[in-house]
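Trainee: Okay, here's the structure, questions in a sec.
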Amino acid sequence: MKRLIWIAALAVMFSGCADKGSYVKVVDDSIKDDIKIENIIERVNSDSGLKELQIMGENESRDYMKLRYRVVWFDKDGIEVKSISENWQEFPVYKNADFTIHVVAPNEKAVTYRLFINK
Amino acid sequence: MKNLTKITLSALLAAGLMSGCADKTERIDMHNDKGDQVMGLDYRDFNQAAAEAVQSMLMSGAVDKKNGDRYVLAISRITNDTMQHIDTDQLVKKIRVELLRSGKVVVTTAVSANGAEDEMSIKARELRGNDEFNQATVQKKGTMIAPDLSLSGKILQRNIRMDDGKQQVEYYFMLTLTEIKTGLAWWEGETVIGKRGSGKSVSW
């Protein structure tokens, strides 16, 4: 019985993640061990109605890096919402230091996202 | 006959060699271009400046009209104060497209600092009283919408000769969003892009 409850609980947890559909991914293998994503804050701005996203991470390496990120947004049905954020944007990451990426959705329809970090 | 065959073979061989030597033209992946940077401004710089400006504008709340309505934006003067022959629309168009996508702003093409961008809005009204046109289909007076906001700015370039003979070029993308009713700047943004390279590079 206990096992069944655990399986049910896990199923609910995983379906929650899948429904949400948003994630942050470090795509380049060579920086995966150095770049740690520590916190993701999401909110819908009450004035604009736009989703805001703040990713906080850390560069655990001893090297300064110039990285890039891009965000692909999707509406509630999972259809891609075109935006200028699809283009790679450069951002500096200093050695042994935290970094922050702050982005806003292109419009109110954009509710889920995929944010990619690359070299 | 033998001569003709020889000539044909030689021509084919030469053509093959020449095509092998020529650099292939490749189409750029505009979303993931890791090509070398240039000292001048290229599309990646305009993308970055436009993306930063729009993100900053949307986050600031300057384009959030109460009751969810849209502001009407007029494009004022965007000055090219660089040494390059660039069309400032390379920057402005990206901003316009993204603001339109946001659903918060619509741009008027009937009025701008350089005159109407699309003169047809006025030209079509000159059909009033023309018997050749069904007057019911001609736009009535007082139907055009005046702008609430104005976007102005400049792109500035500074060249600095460094001690080691290298050259540093700084580009400043400065933009201002003004509320026309009050003349107050509701939003201002600046993106600086710096490049350092050979002193022999030409940045114009």
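Please treat every number below as a calculation from the coordinates, not as lab data. Just so it is clear, the structure is predicted and the values come from calculations on it, not from any experiment. Please note: Cβ atoms are built from the backbone with ideal geometry, for glycine as well, and neighbour counts cover all protein chains shown.
Trainee: Net charge near B:R77, counting Lys/Arg +1 and Asp/Glu -1 over other residues with Cβ under 14 Å of its Cβ?
Mentor: -3
Trainee: Also, quick follow-up: Does the stretch B:56-204 come out rounded, prolate or oblate, given a ≥ b ≥ c as the square roots of the eigenvalues of its C-alpha gyration tensor, rounded meaning a/c under 1.5 and, failing that, prolate meaning a/b above b/c?
Mentor: prolate
Trainee: Between B:E119 and A:E60, what FRET efficiency follows from the Cβ-Cβ distance if R0 is 56 Å, with the result rounded to 0.05?
Mentor: E(calc), rounded to 0.05, equals 0.45.
Trainee: Please tell me the relative contact order of the stretch A:22-118 in percent, rounded to the nearest whole number, where contacts are Cα pairs under 8 Å and at least six residues apart.
Mentor: Relative contact order, the stretch A:22-118: 38 percent.
Trainee: To continue, here is another question. Between A:E80 and A:N118, what's the calculated FRET efficiency when r is the beta-carbon distance and R0 is 22 Å? Round to 0.05.
Mentor: So the FRET efficiency works out to roughly 0.70.
Trainee: For B:K166, give me every one of the lysines with a C-alpha distance below 27 angstrom, ignoring sequence neighbours fewer than eight places off in its own chain.
Mentor: A:K66, A:K95, A:K119, B:K34, B:K154, B:K195, B:K200
Trainee: With Cβ to Cβ distances under 14 Å as the rule, what net charge do the other residues near B:Q135 carry (K, R +1; D, E -1)?
Mentor: +1
Trainee: Quick one: length gained pulling B:Q84 to B:A146 fully straight, 0.36 nm per residue minus the C-alpha distance?
Mentor: 19.0 nm
Trainee: Please list, by residue number, everything in the stretch A:74-103 whose backbone N is under 14 Å from a paramagnetic label point 7 Å out along Cα→Cβ of B:D29.
Mentor: A:87-88
Trainee: Let me ask you something else. Could I have the simple spin-label model distance between B:W186 and B:T137, label points 7 Å from Cα toward Cβ, reported in nm to one decimal?
Mentor: About 3.7 nm, to one decimal.
Trainee: Further, regarding this structure: For chain B, what does the helix formula give at 222 nm: sum of -39500 (n - 2.57) over DSSP H segments with n ≥ 4, over the residue count, nearest 500 deg cm²/dmol?
Mentor: Theoretical 222 nm ellipticity from helices: -9000 deg cm²/dmol.
Trainee: Between B:V38 and B:K66, take the C-beta separation as r, use R0 = 30 Å, and let me know the FRET efficiency to the nearest 0.05.
Mentor: The calculated FRET efficiency here is 0.10.
Trainee: Shape verdict for the stretch B:59-124, please, from the Cα gyration tensor: rounded (a/c under 1.5), prolate (a/b greater than b/c) or oblate.
Mentor: Note, shape of the stretch B:59-124 comes out oblate.
Trainee: Going by how many other Cβ atoms sit within 10 Å of their own, how do B:W186, A:W73 line up, fewest first?
Mentor: Ordered from fewest to most neighbouring Cβ atoms within 10 Å, B:W186, A:W73 come out as B:W186, A:W73.
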